[in-house]
Structures are given as structure tokens and as C-alpha cells.
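Have a look at the structure below before the remarks.
The values are calculated or read from the model by the stated rules, or taken from the named source; none is laboratory data. As the structure is a computational prediction, the values presented were derived from the model and not from experiment. No Cβ is skipped: glycine too gets one built from the backbone with ideal geometry, and neighbour counts run over all protein chains shown. The protein model used for the area step is the full one, side chains on, heavy atoms only, and it has no ligands, DNA or RNA in it. Shrake-Rupley method; radii C 1.70, N 1.55, O 1.52, S 1.80 Å.
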Amino acid sequence: MLATPSQQDQHRHRPQDQNRERELQVRALSIPEYEAFLSRHGRASFLQYPSWARVKDLWRSERVGWHCPGGEIEGAGLVLYRQFPGTRKYFAYLPEGPVADWSDPHIDRWLTPLMRHLRAAGAFAVRIGPTPAYRRWDAATAKAATGPGRQISDVLATEVDPVGAALADRLRTRGWTRCGGENDGDAQPRHVFRVPLAGRSLDDVWAGLNQEWRRNVRKATKAGVEWVLGTSADLPEFYRLLRITEERDGFRLGRSLAYYEQQYRVLNEEQPGRMRLYLAVHRGEILAAHTMIVAGSRVWYQTGASADHRRDVRPSNALQWRMMCDAHALGAEEYDMRGVPSTLDPDERSFGLLRWKLGTGGQVVETLGEWETPMDGYTNTALYKAFQAYLARR
């Protein structure tokens, strides 16, 4: 039965819709308030947990929350402030955040009070990392599209996230600019690789590995590769292997051993087992070391390192399978293997990382990426341009 015009009008203006259009307020949150919200939400990135502010201790930090007057917290975010030298102005950064209802078409309810709060805190510009995905390519689609000069953006996506697509348009119309180049991000990777776990048995996950991956895991087991859960005492060996890996694969993360030691300490002080160090041991020698981070219903493979020798016993495949098994046992919805390059050209050196991750049968996910905007005013715009020039020279 069709609704009458008057019924349609009542539906369109029902109280809950009016309430959703009310502007939210932003205020600073205590750590208990903030952690309680994250616990209810369950899907926040580890970069939005309070411990991350202690990892980034060169930045001033604040936790903020959105709420209606008299209501409970509806969204929250960890803000990192970096002072511009010689001024009392700050670059405000919310890595992979804030945690907000990005499907809300009334986006100004969220952005306006946030910008007002950050401006009062002395911010001259703001960078956010909205969490919706933008596009996804399953492993079969990405692998079939490889070729000289090809980029993942050249390939028709398996799935386009309508929330991410709509949010990108809304941010652009409000003057926000997407960070990084056309295909890659800036501070955080724009393209990541995720293995879905929700609703799948461990047998399903195993069957999703390609033949080469299953063969390599079996080979590692037959060769006697064992996995060990390491401690902070093993971080120097992890770092030694990481430097070998960086030299071999032609990249530099630019992190010190002290950085990883601090990260391991503060994340596990916040929650025991939040950051884990997995070691692959063969004949008494550590051949590979990978870190994993657990937060809420999500699990991330963060950083991997391996030796140059005895690679034929496949220690990294063995570790990754162990980590996937543990993520599945923890009830994680997905196993996030973090960044992958945007290239699909097999002759590009960086393609090897993508090829390796494709073997797990997961998905290449283009995140919405990070977005920036300066605050209104000539001084803020000038500081923002100077800050961009500084970043370009790094």
C-alpha cells in the first residue's frame, strides 16, 4: 500500500531525522571516556588508540569526541599536533581517523565543530584519514591485469564502496584536497591488502591461498621451520633483519631500533598482546621476524623482515600463515597486510611485494586516503604552503 502525501511528509520529517540534522558538539575526552568509545566501536585503527600518541611523542596530542548536548559520545578521534617552528601554530593530524559516521550525508555536522575546535587549539591546517574504502580488486582480477606499465587504477574494480565514493565528493566540494599522488598516498598507504576472515573457517582461509603459498607453507613445515612468539629482547634481531630486508628490496622505512622498542612497549602497556613479534626459527637461527598489531576486531601485519640466506625453507610464508591462524582465532573480521604498491607491472621492483600478498587470495583495497585543508585566513594559508614546501624537501 502506497503512503499518502501527508504520510510521506510525516516520514520525511520524523523526529529522529531532525535530530540527525542537529549539529554535534566537540570536546576533549579523558582517556577512560575515549577508550570506552573505542571499545563500543571495535573497528578503530590502532593509529587512533591513545598509545599511538605515546609512540609519536614528538607531537602534542588530544582526544576529542562528538556528542549532542546531554547525549553519549557518537564519534571520537586522536589528534596529533605538530608545531610549526617559530610560531604557536600547529598542523593537526588524525591518522586513519576520526572514528565517525562517514555514511551521514550531513557531513558538516561532523566537520564544522571539529574545525572550530582545532582552530581554537591553534591549528593552521588539518589532515584526516577517513576510514571508508573506495575501491576493491580481488586477487584474481588484479593478477589477471598485470602487464607493462599497468597500474591498479587502470583496472575496473571488483567493487566500489558507495560510502567512500560519496564521501570523496563531499570532501572535495568543501575544499579538502586528497594527499599524495594519483595512485599512492602520503603518510599512510593508500592501497592496502586485506584477507577477509569473517564468516570463513580456517579451512576456507587455507583454501584461499594459491597453490604456491600452500606449497611453501608445507615446505617450511617439512624443513623444520618453527614459529616463536618473541619478546622485547628479540627486537634488536628483528631490526637487524629489517635493515637486511630494506637493502635487498630497495626501500627505507627510516625508523630506528629505539622507535620499535618504544612502540612495542607502549602498545603492550596499553593492552598486553596488542603488538606481537613473531619469529621463524630454523636450526636455531632466526630467519624471519614479523610484527602484528591487534586492536578491537581488527588485526594488522605491520612490518616484516627476513634474512638473505636459507630463503628456500620459506620462513616468511610459515610466519604469515601462523599469524593468519592467530588472527582467525582472535575473531578478527579481516587480516590487514597493510601497504602494497599501485603498480601491476611485473618488471617494477616493488611489484614483488604485491605478487607475494596476492598469493593469500585477499583483496587490494584502495582506501579513501588522507585529506587536508588549511584553516581560513591569509596567515593560515601561508603557513600551510610553507609546511607543504617543508614536507616536499624531506
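Table for the structure above
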item	result
Selected residue [charged (D, E, K, R), crowded, with 18+ Cβ neighbours inside 10 Å and within 26 Å of Asp138 (Cα to Cα)] from Arg298, Arg218	Arg298
Output for segment 157-172, where each listed residue is under 30 Å from Asp108 (Cβ atoms) and either β-branched (Val, Ile, Thr) or open to solvent by 50 Å² or more (accessible area, probe 1.4 Å) (or both)	Glu159, Val160, Pro162, Val163, Asp169, Arg170, Arg172
Given (1) closer than 20 Å to Val205 by Cβ; (2) open to solvent by 10 Å² or more (accessible area, probe 1.4 Å); (3) not charged (D, E, K, R), index of the condition Val281 fails	(1)
Extreme residue, surrounded by the most Cβ atoms within 10 Å (Cβ to Cβ), among residues of segment 134-156 that are under 30 Å from Gly97 (Cβ atoms), modelled with pLDDT of 95 or more and of a type in the set (Gly, Ala, Ser)	Ala142
Complete set of residues in segment 291-310 that are of a type outside the set (Ser, Thr, Tyr) and either without any contact (Cβ under 8 Å) to a residue 40 or more places away in the chain or outside any loop (DSSP other than H, G, I, E, B) (or both)	Met292, Ile293, Val294, Ala295, Arg298, Val299, Trp300, Gln302, Gly304, Ala305, His309, Arg310
Hits in segment 375-386 (condition: assigned to a helix (DSSP H, G or I) and either modelled with pLDDT of 95 or more or among the aliphatic types (A, V, I, L, M) (or both))	Ala382, Leu383, Ala386
Wholly within segment 311-374, strands (runs of 3 or more DSSP E) carrying at least 2 residues that are of a type in the set (A, V, I, L, M) and under 21 Å from the mean Cα position of the chain (by Cα)	363-367
So Asp326, is it among the charged types (D, E, K, R), farther than 26 Å from Gly369 by Cα and open to solvent by 40 Å² or more (accessible area, probe 1.4 Å)	no
Qualifying position, being part of a loop (DSSP other than H, G, I, E, B), surrounded by fewer than 15 Cβ atoms within 10 Å (Cβ to Cβ) and in contact with a strand residue (DSSP E or B) (Cβ under 6 Å, 6 or more places away or on another chain), among Gly254, Gly199, Gly175	Gly175
Any pair with Cβ under 9 angstrom, 6 or more apart, that starts in segment 220-232 at a residue that is on the phi > 0 side of the Ramachandran plot and ends at one that is open to solvent by 60 Å² or more (accessible area, probe 1.4 Å) and not polar (S, T, N, Q)	Gly224/Arg283
Residue that is touching a residue at least 24 places away in the same chain (Cβ under 8 Å) and open to solvent by 20 Å² or more (accessible area, probe 1.4 Å), where the choices are Gly352, Gly359, Gly377	Gly352
Any pair with Cβ under 8 angstrom, 6 or more apart, that starts in segment 47-68 at a residue that is touching a residue at least 40 places away in the same chain (Cβ under 8 Å) and farther than 22 Å from Tyr301 by Cβ and ends at one that is of a type in the set (Asp, Glu) and open to solvent by less than 50 Å² (accessible area, probe 1.4 Å)	Pro50/Glu270
